[in-house]
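Each reported figure results from applying straightforward, stated rules to the coordinates on display, with no laboratory input. As the structure is a prediction and not an experimental result, all values here were calculated from the model. With ideal geometry, Cβ positions are generated from the backbone for all residues, glycine too; neighbour counts draw on all protein chains shown.
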Amino acid sequence: MTAQVSEFAMFRRRLLQNPRQISAIAPSSRELANAMAAGIGPHTGPMVEFGPGTGRITRAILETGLPPDRLTLFELDRELAAHLGATLPPAVTIHQQPAQTAPDLMRASMPKGAAAVISGLPLLSMPNAVRHEIVMAAFKLLAPGAPLVQFTYGPRPPLPADLIAELDLRVEKGARVLRNLPPARVYRFYRRTP
Ligand SMILES: C[S@@+](CC[C@H](N)C(=O)[O-])C[C@H]1O[C@@H](n2cnc3c(N)ncnc32)[C@H](O)[C@@H]1O
């Protein structure tokens, strides 16, 4: 409980320092984290998480039994990245780098592509060009048929319609999680054509 309180305090501190980058009033609840990690297990291939923050979703991913050496994180905030390094199993790879750089940093180490990209990024509040770069980065990393998983607090999918059309994405509506501040819904995006 104390660890949760201090993580919450850290999250709020980083939010006050950098509201546009954090762009959420609280870390994801355990229920939302579990919904984001649904379908992952000990035999899932390499996974990438964008914007892990204090690591709520990261821990839910690891609790599925995914070996820690199959998980790579991209977290831009220095304090949050340091916290992740201090609290997660050492085999998890942590880049304190923008998600946009993931393909350049990872493609050689993941020749068959990622089994999923799990994103806690505030995609809808980002400028168009940045969001486009991040979504392109995710699909460059993903194995054919593998999903980009993203939650949103709003009533619409967390990617704009023009981007969904441009990339020819199939949109799958996942779980709605009421026990989260605010309530959220999980979406999965699949590319129809590579
Ligand atoms: C809304 S918080 C989500 C934190 C966590 N995933 C959760 O659900 O509790 C967004 C996180 O994305 C990080 N972030 C924002 N833009 C980023 C980028 N371009 N690359 C990597 N991380 C980024 C922020 O620093 C922050 O930790």
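Structure values in brief
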| read-out | value |
| --- | --- |
| Of the trypsin sites (Lys or Arg not before Pro) in the stretch 157-192, those whose Cβ has at most 15 other Cβ within 10 Å and which sit in DSSP loop | Arg179, Arg192 |
| For the chain, alpha-carbon Rg over 2.2 N^0.38 Å | 0.94 |
| Amide H within-cut-off set for Ile118, under 5 Å, with H built and near neighbours excluded | Val48, Glu49, Phe50, Val149 |
| Nonlocal amide H pairs with Val177, under 5 Å, H built at 1.01 Å | Ala184, Arg185, Val186 |
| Label-reachable residues, the stretch 119-155, where backbone N falls under 19 Å from a point 7 Å from Arg176's Cα toward its Cβ | 150-155 |
| Loop trypsin sites (Lys or Arg not before Pro), the stretch 52-129 (other Cβ atoms within 10 Å of the site Cβ: 16 or fewer; DSSP) | Lys112 |
| Net charge of Cβ neighbours under 15 Å - reference Leu159; Lys, Arg +1; Asp, Glu -1 | +3 |
| Alpha carbon convex hull of the stretch 1-80, projected area averaged over orientations, nm² | 5.3 |
